[in-house]
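The values are calculated or read from the model by the stated rules, or taken from the named source; none is laboratory data. Please read all numbers here as calculations on a predicted model, not as lab measurements. Reconstructed Cβ throughout: ideal geometry from the backbone, glycine too, with neighbour counts over all protein chains shown.
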Amino acid sequence: MPPSLAVRLGSLEAKNPIFSASGTFGYGEEMEAFVDPGVYGGIIGKSISQLPRGGNPIPRVAETPAGMLNSIGLQNPGFEGFMKDYLPRMRDYGTVLVVNLVGDTIDEYVEMARRLNEEEAVDAIELNISCPNCPEGGMEFGIDPRATEILVGKVREVYKRPILAKLTPNVTDICSIASAAEQGGADILALVNTYLGIAVDWRARKTILPGVTGGMSGPAIKPLALRAVWSVARSSSLPILGMGGISSADDVLEFMAAGASAVQIGTIQFVRPKAVLEILSDLERYLSEMGVTDISEMVGTLHSDFVVR
Ligand code: RRO
């Protein structure tokens, strides 16, 4: 018998622990040429804002050693466009469907969440309180515990299925933000969004991204993200959807050992769009080799002989 890859994050159940990370997967359609979006444990589309956004001037990405910086600037079709043109197709993929929301104001998040509460096909919402490239909203909420708690609390009043809070690592103490999201009523913590960074062309005396800073992702951030997941897992009782530079089944199991109940894969999909398939088959093989019958047994198994002060 192959090992079970099924996972449970509170009341959200998935057939395997691999979710597509928001912003790296479109709304599924572009990925169909490479892989059936239904093979993921869950799919999370690009952040949706109330009104459509065209995004930032190009270039919007810069390659860095073992990673990339992005400053997409929230390009998306807006809430109505998403509901009409993208959601119907996403409903048919036959896997857990999470809609990522971003707003300039609390009211914008609340209005979109209220509408999605009526859409039974949407299994959960992920609140993007961590966009590093938004002039307003986004990370503004996620760097302040009080603002996080208030925002999540207001959305909780109108949305009855699971709420994921997607956290930024660009803070001094991510555990205090995690705890604020929990207080506000979040069901699952998703971490981490991208790290703020800069890429420089010194000969031109310019930054590569016109907006100067961008969000850093890819294998280079994996140790930082693991540390964030491990810290939050020790301080919060909520299930964690971990992410940050995951490229292989080994990486998935590292995040699960550190305390993630499931993970999101992102940047690796730009390099190997079929990565999910390799990861799922390697997960089965590694667990069989280790005699593990259920992947959930791996969650939070990391131990250390060091006393953390
Ligand atoms: O669109 C973006 O520039 C963006 C977003 Br919304 C986000 O949450 N994280 C990121 O790295 N880029």
Give all pairs with beta carbons closer than 7 Å in which a residue from the range 137-154 that is under 16 Å from Ser49 (Cα atoms) and aliphatic (A, V, I, L, M) meets a residue that is assigned to a helix (DSSP H, G or I) and within 13 Å of the ligand (Cβ to nearest atom); count only pairs at least 6 apart in sequence or on separate chains.
Leu151/Phe141
Exception for Gly245 within (1) in a strand (DSSP E or B); (2) within 21 Å of Glu126 (Cβ to Cβ) falls at (1)
Any hit, the range 172-184, residues being of a type in the set (A, V, I, L, M, F, W, C), within 12 Å of the ligand (Cβ to nearest atom) and crowded, with 20+ Cβ neighbours inside 10 Å:
no
So which pairs qualify, if the first residue must be in the range 39-57 and over 30 Å from Glu13 (Cβ atoms) and of a type in the set (Asp, Glu), the second must be more than 11 Å from the ligand (Cβ to nearest atom) and not in a loop (DSSP other than H, G, I, E, B), the Cβ gap must be under 7 Å, and the two must be at least 6 apart or on different chains?
none
So, Glu80, is that one charged (D, E, K, R), closer than 18 Å to Leu164 by Cα and either modelled with pLDDT under 95 or away from the ligand (no atom under 13 Å from the Cβ) (or both) or not?
no
If you take the residues of the range 88-118 that are assigned to a helix (DSSP H, G or I) and in contact (Cβ under 8 Å) with a residue 60 or more places away in the chain, which of them is nearest to the ligand (Cβ to nearest atom)?
Met112
Being in contact with a strand residue (DSSP E or B) (Cβ under 6 Å, 6 or more places away or on another chain) and part of a loop (DSSP other than H, G, I, E, B) narrows it down to one of Leu69, Leu51, Leu74, so name that one.
Leu74
Restricting attention to the range 119-136, report how many residues are touching a residue at least 12 places away in the same chain (Cβ under 8 Å) and over 17 Å from the mean Cα position of the chain (by Cα).
3
